1. In nm, what is the difference between 0.36 nm times the number of residues separating residue 81 and residue 185 and their Cα-Cα distance?
2. Can you give me the distance in nm between label points at residue 4 and residue 164, each placed 7 Å from the Cα along the Cα-to-Cβ direction?
3. Structure shown: which of 185/206; 17/189; 17/109; 103/189; 155/197; 17/155 lie over 27 Å apart, alpha-carbon to alpha-carbon?
4. Full extension from residue 42 to residue 205: what is 0.36 nm times the residue separation minus their Cα-Cα distance, to one decimal in nm?
5. By the scheme Lys and Arg +1, Asp and Glu -1, what is the net charge of all other residues having a beta-carbon under 13 Å from that of residue 164?
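The numbers here are math on the coordinates, done by the rules we state, and not lab data. Nothing here was measured: the structure is a model prediction, and the numbers come from that model. For neighbour counting, all protein chains shown are included, and Cβ atoms are generated from backbone atoms with ideal geometry for every residue, glycine included.
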Amino acid sequence: MTNRSESLNEIFAALAKAQSEMGIAGHNTANPHFKSKFADLTELVRVSRPSLSKNGLSVIHQVLPDSQGDHYMHALLCHASGQFIETRIRLSPDKSDIQSLGKYITYLKRYTYAAIVGVVTSDEDDDGESLMQDSRKPISQAQAFARSFVETITKDQLEQLEYELKGHADIEKTVLSGMKRLSLKELPKEDYTAIFKRVRELIAVKENR
């Protein structure tokens, strides 16, 4: 659910400038369960806060109950002009002890922060293999929220992919399944280069069988 000020011209202009100045967040924290690394909240703030502050932008997180007693994480992107964008996501932690709840809230703050600010994280160089992940893995509520802010591929990029995949419906299905998208036009712009490279590799393998 998203709430916003009546006018958005100033906050959009400021955010565009801030994003052009932001660095790339590195994968600085290890996840031993999945044997992978990710950019934690501290890293996201480190690479983005200077440019946000310079352009009159700030982010506020609050956990508040609604009229039914359900608690929500509210994330607000605020501008010095008074313009704002607010989104919220309901808290539904698996465990209710304080330590688990604290980790869960930090997890939501990290995803909502990255999504509403537009911080880009570096990807490990695996030739796009990670893009073709197991489509049976469920998408979390936070991931679904973050996805709604992702910039999708351009019209030209879409046409290039469609041309490349002509006659290869099976590979198109693999790509969409791996990225958990229903159509090519929904693919994230930031992953286009890796996706295009992987598509060509899959076609080459198929044609050389």
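1. Contour length minus Cα-Cα distance gives 34.0 nm.
2. 3.1
3. Details: 185/206 24 Å; 17/189 19 Å; 17/109 23 Å; 103/189 30 Å; 155/197 18 Å; 17/155 24 Å.
From the list (185/206; 17/189; 17/109; 103/189; 155/197; 17/155), the Cα-Cα distance tops 27 Å for 103/189.
4. Numbers: separation 163, 0.36 × 163 = 58.68 nm, distance 4.14 nm.
The residue 42-residue 205 span can extend by a further 54.5 nm.
5. Values: positive: 166, 197, 198, 200, 206; negative: 156, 159, 162, 172, 201, 207.
Result for the neighbourhood of residue 164: -1.
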